Amino acid sequence: MCGRYSFSKPKNITERFGIVQLEFEFEFGPRFNIAPSQEVPVVIHKNGSNLLLMFRWGLIPYWAKDESIGNKLINARAETLAEKPSFRRSFEEKRCLVLADGFYEWKKEGRIKKPYRITLQDGRPFAFAGLWDSWLSPTGQTINSCAIITTTPNKLMEPIHNRMPVILPQGMESLWLDSGAIPSREVKGLLTPFPAEGMVAYEVSPLVNSPRNDEPECIVPVNRLF
């Protein structure tokens, strides 16, 4: 799964992700330990343009009776998107990019679990393949929320965990976003592990174990890279 990630260098993202307009004044400072239920930056494609928005992490399907279902839907397995009622419509109609520059996973070593941060080799920002939906609460509030898609691990991730988030190749991000024109069957092939040779992993401080800790020390290596 992917239950924690970072976006520590949110600069120049409008150019990087082809964002041509914002629906509001966007302000997003560095984040070092993003956790489920928090507001996160995503990109959607609407009316021919890429929009940068803030969605709650934890997808609430439009048909949900209660928003608490989002606590269980932070991730969506790539293998079953077309089958699961929670994700099927979003896979067809509401695909998004979830912006990041690293993610965390915990490797079990004996009785303890050590946290690792995984990034691209050059440390540049990237996009998780995501899904989103809008839910209308009983009080009339609209909540936009998202989930991160996961897949099987690559060679780098195998020793750490049996799942990893789908990181889209930069050249394929626009294809994933254009759910209005590109059917899900044509993008399913994108939901594969990112090449291991393009990534790096390193052990980090147990500070990341608590979502209350959102500080630069969370991303500092405490052991060798591999």
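Each residue of the stretch 213-221 in order: what ³J(HN,Hα) in whole Hz does its phi give by Karplus 6.51 cos²θ - 1.76 cosθ + 1.60, θ = phi - 60°, with x for Gly and Pro?
8, 10, 9, x, 4, 5, 9, 7, x
If I model a spin label as a point 7 Å beyond the Cα along the Cα-Cβ vector, how far apart are those points for Gln121 and Lys84 in nm?
3.2
Taking R0 as 25 Å, what's the FRET efficiency between Glu217 and Arg111 from their Cβ-Cβ distance, rounded to 0.05?
0.50
Please give me, ordered by residue number, the trypsin sites (Lys or Arg not before Pro) of the stretch 101-190 that lie in loop per DSSP and have at most 10 other Cβ atoms within 10 Å.
Here the sparse-neighbourhood loop sites are Arg111.
For the ranges 71-84, 141-154, what's the packing order if you count other beta-carbon atoms within 10 Å of each residue, average per peptide, and put the highest first?
Per-residue Cβ counts within 10 Å, averaged per peptide and sorted highest first, yield 141-154, 71-84.
Figure the gain on full extension for Ser174 and Glu92 (residue separation times 0.36 nm, minus the Cα-Cα span) and round it to one decimal in nm.
My answer for the length gained is 28.0 nm.
To make sure I understand the rule: partners must be aspartates and glutamates, Cα under 20 Å from the Cα of Lys155, and not fewer than 8 residues away in the same chain. Which ones qualify?
Partners found: Glu79, Asp101, Glu105, Glu109, Asp122, Glu197, Glu203.
Once the Cα gyration tensor of the stretch 95-185 is diagonalised, what are the square roots of 5 times its eigenvalues, in whole Å and ordered largest first, as equivalent ellipsoid semi-axes?
After scaling each eigenvalue by five and taking roots: 28, 19, 12 Å.
Could I have the simple spin-label model distance between Met54 and Lys9, label points 7 Å from Cα toward Cβ, reported in nm to one decimal?
Calculated label separation equals 2.4 nm.
Which three extents, in angstrom, do the Cα atoms of the stretch 111-164 have along their principal axes, listed largest first?
46, 33, 18
With a 1.4 Å probe and every protein chain left in place, tell me how much accessible area Val20 has, in Å² to the nearest 10.
Surface open to solvent at Val20 totals about 110 Å².
Report the semi-axes of the equivalent ellipsoid for the chain in whole Å, largest first, where each axis is √(5λ) for an eigenvalue λ of the Cα gyration tensor.
Over the Cα atoms of the chain, the ellipsoid semi-axes are 27, 19, 19 Å.
The values are calculated or read from the model by the stated rules, or taken from the named source; none is laboratory data. Everything numeric in this text was worked out from a predicted model, so none of it was measured. Don't worry about glycine lacking a Cβ; one is built from the backbone with ideal geometry, like all the others, and counts go over all protein chains shown. Keep in mind that these areas ignore ligands, DNA and RNA; they rest on the heavy atoms of the full protein, side chains included. Shrake-Rupley method; radii C 1.70, N 1.55, O 1.52, S 1.80 Å.
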